Every structure is written in structure tokens, then in C-alpha cells.
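Report on the following structure.
The values are calculated or read from the model by the stated rules, or taken from the named source; none is laboratory data. Values in this document were obtained by computation on a predicted structure and should not be read as measured data. With ideal geometry, Cβ positions are generated from the backbone for all residues, glycine too; neighbour counts draw on all protein chains shown.
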Amino acid sequence: MAFVLWTLASYICIVLTSWLLAWTVYYDLTRTHIPPGIKEHAKLRAFNLLLNFTFGLGLFLEKLGICSQTKLMRIAFDGVPPKKDSRLLIKDLFFEHVPVRVYWPNSPSPAGNRRGLIYIHGGVGQVGSIRAYERVCRHLARKSHSVVVNVGYRLSPEYPPPIQSQDCLTAAVHFLQNAKDYGVDPNCIVVGGDSSGATGAAALCQELVDRADLPRVRAQVLIYPFLQAIDFNLPSYQQNHSVPILFKKRAITLGFKYFRVKTNDIARIMKNAHVPEELRVKYKKWVSADHIPDEFKARSYVHTAPAPFSEELYELTKPALETWFSPLLAEDEIIRQLPETFLLTCEYDVLRDDGLLYKKRLEDNGVPVTWHHLKDGFHGIAFLIDFGPSEFRSTRSGMKNIIHFLHGLSK
């Protein structure tokens, strides 16, 4: 009897897996657009199929009460850890209550104390971890000869925001105060991150500008950052809404999970129904397609009027307009105090224009900006560094430019 039940369960699993795989392929072929400007089409298609299959499997298991979609995505993002690296000394520590992993290059430093880099990982505050970003942080430590701090901040929904921002601030303050104990020059500490981690890095740098009790942050490195929740119809949102791996709907759905927004409300948020007219007017000087260079509107852009305003949606999403979530909305008196900035954007990324708008704001306020634009890049590409055949050519290009910027920072 047990054998029969086991056989039946196995057949059911095979049928369900086959159905889910077929649905994933159908979804990819009908809903996904990979522009000709992305050179490695087949690789991105395969990567996106795997990601969509994991999303679908997670949703299916969640409905069965077996495992939440978020937990499955965390397992997938953690992936297979890399082998030991004799070129680095790696330690797991706590900065106050925040777990961190610190990477020291084994090669001697000819200039005494090294440069430091506080790295905040992406994952929309819900996935991602120290383990998931092991390759990224190892690569940065080895190639830039810097001491890298990989921050393991607590994740939502177990820990609601802004706990993530508070953990990053706690870790940064500890490192800035005790830099010499870690072999780091306190006057040459960089804050960086990718995607939502870049959001956190930008917000952290803004938080630190008035801290006279701490060394000044030397620079910030922002890799395809999310920076504003005012306008989700900028050119890049329109052009890249179905480009892997960060579709427009997926980006907004994951971002607003923070605020317990219902799935059926996402469509209205995508059309900017959550923003009152007075705020649109107030922030138009900073957030508008008018400030995006014409070359980035060439692939297609149509000005779209926002959906009718919803007071209920506004009250629900109001925290998204605070600067810990939307750093682009900080006042000029904060922006002009920010450190030298490296900014990486990708042509085929819904968040591209957030980066372009922040670049303009920084430059308008006299902040030096080094900008690198990956013309064949897409969102998430830096995460794949040192993943062997899975790595894209533009992954290496983007990381090389970050390393070059770090090497060029004077103390």
C-alpha cells in the first residue's frame, strides 16, 4: 500500500512539475521581450525561464501551505556557495547586533590602511543574503584591494521596514567608528549596493551627511538603483516593462509588498494613482521625463496621464515617498553634501531612468559623478559576477568600471 501511494505521489509530482514548466515556457514566449540590443539572447532566456519557474513553484507551494514563495526565492538566490579563496581572509562578525561578513585581501597593502567598502545587497529587502552576495563581495575585495563589509540586514516580511535601513545604519556607524581596528583608513570608506541595496546605500549616505561625530563617507557606488516611487511611467518603465529579469509589474509588486498593498491595487499604482496632484507638481522639478535626455526616449515613449487619484492608495503607500525608500526626493541641502558618486545604469532596465534622474540631481548640486551605462545591460547583471558560464560579457564590463573607480579614489 505504501509503495502504491509513493508511486502515485511521484506521478502527481511529475505531472505538476511538467505543467508548471510548460506554463513557464508559455509565459516566457508570450509575455517576455528580449530586445535585439541584448547580445546574449539565449543565455538570458534560459536564466529568465529558471527564475520564472522558481517564482511559479514558490507560488504553488505557498498555496498548498508547504513553503512560502519568499522562502523558496531566498533558497534559490543563495545558490551554491563558491569554494574557499586563499587570496582573501574572510570572517563572520557582528557589528553591534548586525551580522556581517568581512573580506580582507591577503596581499600586503603598500599604503598602510586599506580602503573600506560597505556593501548593501539587493533583493527588495525580502530576499538576498550574505551568502547570496558572496561572489560579488569577494570579487570587489580581490580586484579593488579593499576591505569589504557584506551587511546581513534583517529581511521583510519577518522584520517590517524601516528595520532594514536601521540595520545598515548601525553596521555603517560601527565600521566608521572602528575602521582602524579592521585595517581600514576611516577617511576612505565607500558605501555601495545594487538595486534595492543601492537604494539603501543612497539613503544611508544621505543619513550620514549631518553626522559630525563620524568620518565623512568618501564615495558611494550605486548599481542600477531604485530611487523614487512617484512616477512609474518614465520612459524606461515603458520601454522595458517586459524585459527580463525585472518586469515592471514584478518590480512594483515586490517593492510594495512592504506596505501590504493588495495585488489588485498594483495596476493602479503602476499608473501612478497613489500620488496626489500637489506632490506630482512639487516633485516634477526632480522626477519627470522632461529631465531624461532625448536619446533615451528614442525606442518609444508616450506621455501618459496618471490614473484618477486614490486617497486610500496614498495613505497605504505614503511611506514609499519617504527618503529611506525614495532617496531621489531628498532636499537639495542634503543632496549637495553627498560624496563623490559612481553610478551604473543599464539600457534594458525599468530602473534606468531613476539613475539618470539622480545623476542630474547630483551634478546640478555640484557632486562629482562617474557614470557608466551598459548599452546591452539589464537589471541584475552584476549579481552574476564569477558565476562562470552564467556570467554575461556586460557583467564583467560593469564590474571593471566599478573597480577602476575605486582604485581612483584618493585618500
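Pairs please, first residue from region 239-258 and within 16 Å of Pro319 (Cβ to Cβ), second anywhere and assigned to a helix (DSSP H, G or I) and among the β-branched types (Val, Ile, Thr), Cβ atoms under 8 Å, 6+ apart in sequence or on different chains.
Ile252/Ile266; Ile252/Ile269; Phe256/Ile266; Phe256/Ile269; Phe256/Thr317
Restricting to region 156-181, and then to whatever is in contact with a Lys or Arg (Cβ under 8 Å, 6 or more places away or on another chain) and not in a helix (DSSP H, G or I), can you tell me which residue is surrounded by the fewest Cβ atoms within 10 Å (Cβ to Cβ)?
Pro157
Please specify each residue of region 300-349 satisfying the condition of being in contact (Cβ under 8 Å) with a residue 60 or more places away in the chain, over 26 Å from Cys205 (Cα atoms), touching an Asp or Glu at 6+ places or on another chain (Cβ under 9 Å) and surrounded by fewer than 20 Cβ atoms within 10 Å (Cβ to Cβ).
Residue satisfying the conditions is Pro306 alone.
Where in region 205-296 are there helices (runs of 4 or more DSSP H), lying fully within it, with 2 or more residues that are more than 30 Å from Gly116 (Cα to Cα) and modelled with pLDDT under 95?
Result: 248-255, 266-270.
Residues are listed down the side, and each one gets a yes or a no for (1) touching a helix residue (DSSP H, G or I) at 6+ places or on another chain (Cβ under 8 Å); (2) surrounded by fewer than 17 Cβ atoms within 10 Å (Cβ to Cβ); (3) β-branched (Val, Ile, Thr):
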position	(1), (2), (3)
Leu50	no, yes, no
Thr54	yes, no, yes
Glu62	yes, yes, no
Gly65	no, yes, no
Ile75	no, yes, yes
Ser86	no, yes, no
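List the residue pairs whose Cβ atoms are under 7 Å apart, where the first residue sits in region 200-226 and is under 18 Å from Lys359 (Cα atoms), the second is surrounded by fewer than 20 Cβ atoms within 10 Å (Cβ to Cβ) and among the acidic types (Asp, Glu), and the two are 6 or more positions apart or on different chains.
Pairs found: Ala219/Glu340.
Where the second residue is among the charged types (D, E, K, R) and crowded, with 24+ Cβ neighbours inside 10 Å and the first is under 20 Å from Ile403 (Cα atoms) and assigned by TED's automatic domain parsing to the domain that holds Asn106 and lies in region 122-143, which pairs have Cβ atoms under 7 Å and are six or more apart or on separate chains?
These pairs meet every condition: Gly122/Asp194.
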